[in-house]
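Asks: Encoded as structure tokens, here's the structure I'll be asking about.
Taken together, the values in this text are just the output of simple stated rules run on the coordinates, not laboratory data. Note that this is a predicted model, so its numbers are computed, not measured. Using ideal geometry, Cβ is built from the backbone for each residue, glycine included, and neighbour counts are taken over all protein chains shown.
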There are 2 protein chains.
Amino acid sequence: MIKSTDKTALEALDKRYRIRLINSLNGYKSANLIGTTDQSGNENLALFSSVIHLGSDPPLLGFKMRPLTVPRHTYENIKETGVFTINHVHQDWITKAHACAGKQAKELSEFKDVGLTPEYSQGHKAPYVKESMIKIGLHFVEEHFIKANGTIIIVGQIDEIVMDTDLIDENGDIDFGTAGGVTITGLNHYWRGVKVLSK
Amino acid sequence: MIKSTDKTALEALDKRYRIRLINSLNGYKSANLIGTTDQSGNENLALFSSVIHLGSDPPLLGFKMRPLTVPRHTYENIKETGVFTINHVHQDWITKAHACAGKQAKELSEFKDVGLTPEYSQGHKAPYVKESMIKIGLHFVEEHFIKANGTIIIVGQIDEIVMDTDLIDENGDIDFGTAGGVTITGLNHYWRGVKVLSK
């Protein structure tokens with residue numbers, strides 16, 4: 001049944017139900033692992049579904065970081081080292097990627113913990129995920145604090161792209177049908193794409 | 001062939017090729033139409049692929065607005081009226097939604113121009129897209145100017161959700177397989193999702 005859920009009804013929803021509903025509302029989201037290290041080289045890997053394109057010249061991507069009310073290693077590491085990587089999640093290792101979500105304090109690097117492999121390029125100091133088919137190296141540019149709830153938008157500039165160039169067509173478009181990346185809805189639903197239309 | 005494209009190589013790419021490549025890089029993106037009016041009630045509809053979840057309590061969504069170097073009716077209208085709607089793009093009217101992209105100065109409302117229907121609820125002043133199965137009414141909360149390139153992050157708080165509640169499962173998750181929404185890659189490639197895994 002088509003129904004309007006207004007502000008009062010939204011506030012009255014069960015908290016967990018509301019979290020899942022609001023997390024579902026913007027539809028399909030990108031699925032990426034962000035790789036960092038601290039100053040001592042300890043590696044960290046975390047799952048993000050909020051990476052957005054901010055511009056092509058200079059090449060900029062942004063993502064949302066949750067409030068710093070608990071330790072956020074990705075944030076601390078980016079501020080310490082100035083660099084990070086964005087790595088597409090692929091269909092054959094969703095379970096490993098998902099296991100990187102929501103972890104806070106721990107001894108082991110998420111790489112070792114979930115069974116993904118850190119990989120370094122000559123040109124970039126932050127760790128890539130070897131298993132990822134599309135890897136992006138960035139440096140920190142600026143951050144914006146969302147006053148309404150304490151989340152932070154991190155902006156990074158792309159320094160390096162590491163991928164099979166056969167996946168890029170003559171126009172510059174990446175063929176995600178072949179690249180096998182996945183998309184997330186809500187907190188934990190993973191989908192592959194089937195091309196419907198190119199305009 | 002796996003290849004590292006560094007900053008120098010990126011800068012040397014043909015401009016149109018680079019725009020398409022960088023727009024492809026973050027993977028699958030949400031596909032939404034944002035509906036607004038000016039103070040006189042003239043309706044505007046524009047396509048955005050950057051809507052992200054910012055928080056659930058209060059319920060916040062954000063999206064990227066391109067630099068204000070040309071008139072941006074969506075931006076001006078949101079600042080004038082304080083409200084906007086986010087409407088999921090669906091598989092059976094992708095062509096109409098895509099025709100709302102990139103239009104600037106024009107006489108007709110995009111609604112009339114592309115053949116989509118404005119619809120108003122009792123609780124919200126901005127126009128929804130009648131044809132959309134998931135409609136969200138928001139008010140403007142804050143904006144953040146990205147210094148690196150002049151883009152703007154608009155933050156809105158959800159006041160109303162209009163949708164068939166049968167599409168929401170007992171946990172609060174929306175079933176996008178049934179809801180028929182689409183996802184965008186690059187500038188103009190539309191995909192439907194096939195569920196791979198729920199964690």
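Asks: So, R0 is 35 Å and r is the distance between the beta-carbons of A:GLN91 and B:ILE152; what FRET efficiency does that work out to, to 0.05?
Replies: Numbers: r = 35 Å, r/R0 = 0.99.
After rounding to 0.05, the efficiency reads 0.50.
Asks: Here is a further query. Between the stretch A:153-199 and the stretch B:179-196, what is the C-alpha centre distance in whole Å?
Replies: If we compute the Cα centre of each part, the gap is 11 Å.
Asks: Calculate one ³J(HN,Hα) per residue across the stretch B:151-166 by plugging θ = phi - 60° into the Karplus curve 6.51 cos²θ - 1.76 cosθ + 1.60, and present them in order as whole Hz with x for glycine and proline.
Replies: Couplings: 6, 10, 9, 9, 10, x, 9, 6, 9, 7, 10, 10, 6, 6, 5, 5 Hz.
Asks: Further question: Helix-only estimate, please: 222 nm mean residue ellipticity of chain B, summing -39500 (n - 2.57) across DSSP H runs of length 4 or more and dividing by its residues, to the nearest 500. Show your work: numbers first, answer last.
Replies: On the way: 6 runs with 39 residues, N = 199.
Taken over chain B, the calculation gives -4500 deg cm²/dmol.
Asks: Pick from A:THR36, A:THR74, A:THR151 the residue whose mean-square fluctuation is largest in a GNM of chain A, springs joining Cα atoms under 10 Å.
Replies: Looking only at A:THR36, A:THR74, A:THR151, the biggest GNM fluctuation is shown by A:THR151.
Asks: Semi-axes of the equivalent ellipsoid for the stretch B:29-188, please: Cα gyration tensor eigenvalues, times 5, square-rooted, ordered largest first, whole Å.
Replies: Details: eigenvalues 100, 68, 54 Å².
Semi-axes (√(5λ), whole Å): 22, 18, 16.
Asks: Under the definition of Cα pairs under 8 Å and six or more residues apart, what whole-number percent is the relative contact order of chain A?
Replies: Relative contact order for chain A comes out at 24 percent.
Asks: If I take the rotation axis that carries chain B onto chain A, which residue of chain B has the nearest beta-carbon, and at how many angstrom?
Replies: Residue plus distance in Å, as requested: B:HIS144, 2.
Asks: Let me ask something else. Tell me which GluC sites (Glu not before Pro) from the stretch B:89-198 have a DSSP coil assignment and no more than 15 other beta carbons within 10 Å of their own.
Replies: B:GLU107, B:GLU170
Asks: Something else now. Just the Cα atoms of the protein assembly as shown: what Rg and Dmax do they give in Å?
Replies: In Å, with Rg to one decimal and Dmax whole: 20.0, 61.
Asks: Over the whole of B:130-142, what's the average partner chain Cβ count within 10 Å per residue? Rounded to a whole number, please.
Replies: The mean count of partner-chain Cβ atoms within 10 Å per residue comes to 2.
Asks: So, one more: If you build the convex hull over the alpha carbons only and average its shadow over all orientations, what do you get for the stretch A:1-105? Give it in nm² to one decimal. Before the final figure, lay out each step's value.
Replies: Working: hull surface 39.8 nm².
If you wrap the Cα atoms of the stretch A:1-105 in a convex hull and average its projections, you get 10.0 nm².
Asks: Let me ask another. Can you work out D for the stretch B:57-143 in µm² s⁻¹ from Stokes-Einstein, where Rh is the Kirkwood radius over C-alpha pairs, the temperature is 4 °C and the viscosity is 1.567 mPa s?
Replies: This corresponds to a translational diffusion coefficient of 91 µm²/s.
Asks: Once phi is turned into ³J(HN,Hα) by the Karplus curve 6.51 cos²θ - 1.76 cosθ + 1.60 with θ = phi - 60°, what whole-Hz value does each residue of the stretch B:187-193 show in order, with x for glycine and proline?
Replies: 9, 7, 10, 10, 9, 9, x
Asks: Excluding same-chain residues fewer than 8 positions from A:LYS3, which lysines have a Cα within less than 24 Å of its Cα?
Replies: Once the sequence-local lysines are set aside, what remains near A:LYS3 is A:LYS15, B:LYS125, B:LYS130, B:LYS135.
Asks: For A:176-184, what's the mean count of beta carbons from other chains sitting within 10 Å of each residue's beta carbon?
Replies: Mean partner shielding for this stretch: 4.
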